[in-house]
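Enquirer: Once you've had a glance at the structure underneath, I'll fire off some questions.
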Amino acid sequence: MRIFRQLNNFFAGLKTQYFGTSASNASFPAVWVLRGDLIDQQPGHRTVAQRNNFFTMPETLDKKVDLDLHLPHPRVRGMTALDRAAFKRDVVVPALKVNKEIINKLVKSLKRVLLQRPRLKRVIEDPEDEDRRFILLDPHKIPADCSLGESEQQILKSFSADPRIVKYNLELTYDHFKVEEVLQAVLPEGQEVTTAFSRIGHIAHVNLRDHQLPYKHLIGQVIIDKNPGITCAVNKINTIDNAYRNFQMEVLAGEEASMITKVKEHYVAYEFDFSKVYWNPRLSTEHTRIVSLLKPGDLLFDVFAGVGPFAIPAAKKNCVVFANDLNPESYTWLQHNCKLNKVDKKVKAFNLDGRDFLMGPVREELAKQLSLKEQKRALHIVMNLPAMAIGFLDVFRHLLDGEPSSSASLPTVHCYSFSKQDNPVQDVQERAEEALGASLEGCCSVQLVRNVAPNKEMMCISFRIPAKVLYKRQSSLAGADNPKEPASKRLRPNEDSPEEKRESDGLGSLASSVP
């Protein structure tokens, strides 16, 4: 203790205290520590240059003091109503004291060792010398001997700057902590902290776990505070289990008046009421993938179009688009977005059940296109309703009469589905084959779109509809192999051939098992 008293008397004679840069000071720890009972309690940013504030050896450290720059004050644990003032915390960090004339060049050169915290100024005015500035350093990047590295010392030497490190008493506030740091400090220790959310314009959409619900309003407000442009946070309170593909939500924090928002996806603008339609920003890559398969002039049928994330980019690519959605709100916003993006002349919008859309407008247009002798445009059918879309594939069975002019012109279907099986590729293919009543082996591809939840994948199966599935076999064609014998002599009225009867019975039994 006599040694420390001598050190106290020594530091008392100095105006500003410096950390040593020689090997004799190697006992200072790599992370800077301050004796807790000596922290100056006055608010604001202050240099620690008074005689009673100094760094001590580890054995004299107050163990209760935690100076981790990533943790707010312990008193915020369990907070359910956000109190920003409670996050204040005093810490001591190393700093350089340099002339203000060289500050800009020096900060750029010393970027590696500068203190990095949200909304924190790394250059602070010296209240005692207007010509000097403090540069705050990251204590975790300063070596154990309390000196800068050789490269940093060379930089300081080139600017004729003082390489000695001083202590700076810094007040960290709520603004200086990240979302995950705030929530980790607030929620009970050991509980999972979810900071991910979907951003839909000015709205943050979160899916909170049960253990997070007592803190839901705080979580919502923290997300708004820490993400510029976010003014409303909502939580989904039920699953998407209705035909309109929307869900109930509660506003956690922020504006409640309007859920109408505007988003941009790959240079296309969309506007909609998020509380009444379906929108998932995580499907942006998938939207682009499908549209990239289309060529100008191609024909796209979007069975479950929503507000237009497939239809409008395809129309902007000069494709002809038939877009449908059962939800009246989605249909209204689809039309609005077509006009917003100036493609309303290229998109025919419908407000029908998906099955009625396929058996009505799609059937009529397919019959027209496939009857052409020279089919120049490719036909694509997108069915993005992963919870139910495979159940609509049975519509394609014998949808058209006659036969196509060319097998190469048959439409390609992109059908989405969820799978919880160990082999989701096999699962989706088998269910699609069951709905179609035909094998797709070797003539389809199944891709992973995204992981929705643990053991739940969203998949997309793409295939060209087989001619034997899409077309009805005409009874009059049965006698085509023997033109000398009229069909009326071989078949009695209203009686199918044995081959047709077997095919019809087989398909009929499958159809009865598919919704």
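Enquirer: How do 90, 83, 126 stack up against each other in accessible area, from largest to smallest, with a 1.4 angstrom probe?
Expert: Descending order: 83, 90, 126.
Enquirer: Arrange the peptides 228-236, 387-395, 259-267 so that the one whose residues have, on average, the most other Cβ atoms within 10 Å appears first.
Expert: Those peptides, ordered most packed to least, come out 387-395, 228-236, 259-267.
Enquirer: At 1.4 Å probe size, with the rest of the protein present, what percent of the exposed accessible area of region 261-303 is carbon and sulfur atoms?
Expert: 55
Enquirer: What order do 197, 177 take when sorted by accessible area (1.4 Å probe), most exposed first?
Expert: 197, 177
Enquirer: Sticking with this structure for a sec: When ligands, DNA and RNA are left out and all protein chains stay put, how many square angstrom of accessible area per residue does region 126-185 have with a 1.4 Å probe?
Expert: Using a 1.4 Å probe on heavy atoms only, each residue of region 126-185 averages 43 Å².
Enquirer: In region 102-185, which trypsin sites (Lys or Arg not before Pro) fall in coil by DSSP and have 12 or fewer other Cβ atoms within 10 Å?
Expert: When the trypsin sites (Lys or Arg not before Pro) of region 102-185 are filtered for loop state and at most 12 Cβ neighbours within 10 Å, 119, 121 remain.
Enquirer: Quick check of the Kirkwood formula: for region 87-187, what is the inverse mean of 1/r over all pairs of different Cα atoms, in Å?
Expert: That comes to 14.5 Å for region 87-187.
Enquirer: Per residue, how much accessible area does region 231-379 show when a 1.4 Å probe rolls over the protein heavy atoms, in square angstrom?
Expert: Normalised by residue count, the accessible surface of region 231-379 is 47 Å².
Enquirer: Using the Kirkwood radius built from alpha carbon pairs, what does the Stokes-Einstein equation give as D for region 176-234 at 20 °C and 1.002 mPa s, in µm² per second?
Expert: It diffuses with D of about 184 µm²/s by this estimate.
Enquirer: Kindly sort 456, 373, 339 by accessible area of their heavy atoms, largest first, with the probe set to 1.4 Å.
Expert: 373, 339, 456
Enquirer: For region 111-222, with the dipole built from +1 on Lys and Arg beta-carbon atoms and -1 on Asp and Glu ones, taken about the Cα centre, which of 118, 135, 173 lies farthest toward the positive end?
Expert: Positive-end residue among those listed: 118.
The values are calculated or read from the model by the stated rules, or taken from the named source; none is laboratory data. Keep in mind that what you see is a predicted model, and the values were worked out from it rather than measured. Using ideal geometry, Cβ is built from the backbone for each residue, glycine included, and neighbour counts are taken over all protein chains shown. Each accessible area value is taken on the protein alone, full model and side chains, heavy atoms only, with ligands, DNA and RNA left out. Shrake-Rupley method; radii C 1.70, N 1.55, O 1.52, S 1.80 Å.
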